[in-house]
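Everything on this sheet refers to the single structure shown next.
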Amino acid sequence: MNVLVFDIQADFGHFRQLYSTSSPLTYSFIPPTALFGLLGAITGVGKEENEYLRVFNHETTNVAVRLMGPVRKTRVGINYVNTKGNIWVPKQRREGARTQIRVEFLRFPHFRCYVSMNDHERFSYLIDLVRQHKSVYTPCLGLSECLANVQFVAMEEFRFVEVDGEDHVPICSVIPGNEMRALKVEPGKEYRKERVAWKMNAERVVSQYEEVVFEAGGQPILASVPHYWENEHGERIVFFYSDGRGE
């Protein structure tokens, strides 16, 4: 299986959690729907009428994500335009022209992304852009202010093969909860679970949510899974969509 492997990192990142409201919280890793948006930005698929979701979705593109460092978060006060009451007339508002919201950000996020696509022509185009360190639109991690750097890692030497699951093998990527049979807890590791949007249609309507398990320090997890993908370097990952694998 041909897999494009690239790193993405930034000073800040924010992927708003679905249940946070007035004080936005962020996921600890880039969710699959956000990764589809990143691929759309790199290849120049526009956001008009959510066109990028018609090209990159759970049926056409399979992805996996690995944390390359510990999860670090901070909160920053962000000034927003005050639009309460559906109006904005600064000189006539007692509460002022701005309202400040504390937003949670990832600090120095660094992820390794694994991508495979059914559309070989578009996949080749994506590989060429990442290999040349180019993109049509500016990559970012969640918000447009969180500018990111995409760095090509490998292609040919990172060819993955599918392996039937064994008892508790080290998995370096985050693991979908529906793919995990069992988990062996090891001392000194911090295990977390977050619920993310899993499947989203072109109208941005989420049809499925899924829990994802990962180690907050970026270390591998000893887990039992039905199947995983491994390269010659012994790197084992679990793709998000077991029913939508690329060829």
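None of the figures in this text is laboratory data; all of them are computed from the coordinates on show. Because the structure is predicted, anything quoted here is derived from the model rather than measured. Quick reminder, even Gly has a Cβ in these numbers, built from the backbone with ideal geometry, and neighbours come from all protein chains shown.
Tabulated data for the structure shown
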| item | result |
| --- | --- |
| Estimated FRET transfer efficiency (Val163, Ser124; beta-carbon r; R0 25 Å; 0.05) | 0.45 |
| Crossing angle, helix 120-131 versus the chain [Cα axis fit, 0-90 degrees, rounded to tens] | 70 |
| Mean separation of Cα contacts under 8 Å, 6 or more apart, over the residue count of the chain: relative contact order % | 30 |
| Placed amide H near Asp11: partners under 5 Å, 5+ positions off or other chain | none |
| Most positive-pole-ward Cα, Asn201, Tyr114, Thr138, against dipole of the range 112-247 from beta carbon charges | Thr138 |
| Residue among His58, Ala41, Asn2 farthest towards the positive dipole end of the chain, charges placed on Cβ | Ala41 |
| Convex hull per residue volume in Å³, alpha carbons only, for the chain | 136 |
| Projected label distance in nm at Ala154 and Glu49, using a 7 Å step from Cα toward the beta-carbon | 4.2 |
| Test item: Cα-centred dipole of the chain, Lys/Arg +1 and Asp/Glu -1 on Cβ, debye | 1700 |
| Two-decimal Rg/Rh across the range 26-68, once Rg and the Kirkwood Rh are taken from alpha-carbon atoms | 0.99 |
| Cα-based Rg / Dmax (Å) for the range 117-184 | 16.6, 43 |
| Pairwise label distance in nanometres, Ser144 with Val185, each label 7 Å out on the Cα-Cβ vector | 4.5 |
| Debye log10 I(q)/I(0) at q = 0.12, 0.14, 0.16, 0.19 Å⁻¹ for the range 124-247, Cα point scatterers | -0.60, -0.82, -1.05, -1.29 |
| Linear extension gain, Met68 paired with Arg98, 0.36 nm per residue minus alpha-carbon span | 7.1 nm |
